[in-house]
1. Within the range 132-153, can one find any residue that is modelled with pLDDT of 90 or more and touching a Phe, Trp or Tyr at 6+ places or on another chain (Cβ under 6 Å)?
2. Restricting the search to the range 68-86, which residues are touching a residue at least 40 places away in the same chain (Cβ under 8 Å) and of a type in the set (D, E, K, R)?
3. Looking for whichever is more than 19 Å from Gln28 (Cα to Cα) and over 14 Å from the mean Cα position of the chain (by Cα) here; the options are Ile82, Ile62. Which one fits?
4. Can you tell me which residues in the range 19-47 are among the aliphatic types (A, V, I, L, M) and touching a Phe, Trp or Tyr at 6+ places or on another chain (Cβ under 6 Å)?
5. Is it fair to say Ala119 is touching a helix residue (DSSP H, G or I) at 6+ places or on another chain (Cβ under 8 Å) and among the aliphatic types (A, V, I, L, M)?
6. Taking Ile174 as the residue in question, decide whether it is outside the structural domain of Tyr91 (by TED's automatic domain parsing), at pLDDT below 80 and not small (Gly, Ala, Ser).
7. List the number of the failed condition for Ser77; all other conditions in (1) closer than 24 Å to Leu24 by Cα; (2) of a type in the set (Ser, Thr, Tyr); (3) over 11 Å from the mean Cα position of the chain (by Cα); (4) not in a loop (DSSP other than H, G, I, E, B) hold.
8. Which residue out of Ile113, Ile65, Ile82 is within 19 Å of Gly38 (Cα to Cα) and assigned to a helix (DSSP H, G or I)?
Amino acid sequence: MDRIRIIFADDHVIVRDGLRSLFLSDPQFLLLGEAADGKEALELVAQHKPDVAILDISMPRINGIEATRMIKQNFPSTKVMILTIHENEQYVHEMLKAGADGYVLKNAEKKEIFDGVRAVAKGDNYFSSEVSKLLLGGLIKRSREIETASGSHLTGREKEILKLIAEGKTSKQIAQQLFLSVSTVNSHRVNLKKKLNIWDTAGLVKFAMHMDETKVMEKDGY
C-alpha cells in the first residue's frame, strides 16, 4: 500500500508536537513537513505536493480558510482536512465553500483522525460525528423553513437530480441516466443550490438524505 504523504499546520507548538508523534507512530503516513501558520503551509504544499494537508483554522499570516482556498486553486490534487477546535456550523460552511475535503475536531480520537486522513486521501469527504450532527441539524432547520416558504418548492426533476447527486453520480452520469445534456444537469444543480441555500455537494447530499429519512418516517407513521 502506498504511504499517504502529508503536511500539517498549527500555530501551537504543543499541538504540532502531538501531531508529529501521532503520524510518526503509523507507517502508513509519510510526514513531509510541518508549519506554524498558513503561509508556511502553502510553501510546504508548493514544495512537496502532498496527498493531504491538515490545517487548523485560526492561524497567523494566512488563516486556514484562505490557505484552503489557495491550495485548492493552485494545487487541486492536494486534499485538505481541517483539524480544529471550532465546533461551529458557520466555520464548517466557510471551510466547505473554500474547498475543504474533511473537518475533524481536535478532541477526536486517534482512530477518527486517521480515518479522516485516509478518507480524504482517496477522494471522499469526512466529517467528525459531532460535525455531521451539526450540519444535519442546520439542514433540517433549513428544510423546514423551505417547506413553508412560498415559491421555493423543488420541482420533480430537481428532486430526481438531487437523489442522484446523493447517490454519488456525476453530472455526466446523471445526464446519461435521465437523457439530458450535461449543461442542463448543471443548470439544475445551480438552481438546487440557490433554492436550498446550500453551496457545496456535501450539503446537497445531506439534504437529500434528510428528505429520504423524512419520507420513511412519514410512511411508517412517525
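The values are calculated or read from the model by the stated rules, or taken from the named source; none is laboratory data. Predicted, not measured: the structure shown is a model, and the values here were computed from it. Note that each Cβ is placed from the backbone with ideal geometry, even for glycine, and that neighbours are counted across all protein chains shown.
1. We begin by selecting, within the range 132-153, every residue modelled with pLDDT of 90 or more; these are none.
So far as the range 132-153 goes, no, none of its residues is modelled with pLDDT of 90 or more and touching a Phe, Trp or Tyr at 6+ places or on another chain (Cβ under 6 Å).
2. Lys79 - this is the single residue of the range 68-86 that is touching a residue at least 40 places away in the same chain (Cβ under 8 Å) and of a type in the set (D, E, K, R).
3. Selected residue: Ile62, the only one of Ile82, Ile62 that is more than 19 Å from Gln28 (Cα to Cα) and over 14 Å from the mean Cα position of the chain (by Cα).
4. Within the range 19-47, the first condition is being among the aliphatic types (A, V, I, L, M), and the residues that meet it are 19, 22, 24, 30-32, 35-36, 41-42, 44-46.
The answer is Leu19, Leu31, Val45.
5. So Ala119 fails the test.
6. Answer is no for this residue.
7. (4)
8. Residue meeting the stated conditions: Ile65.
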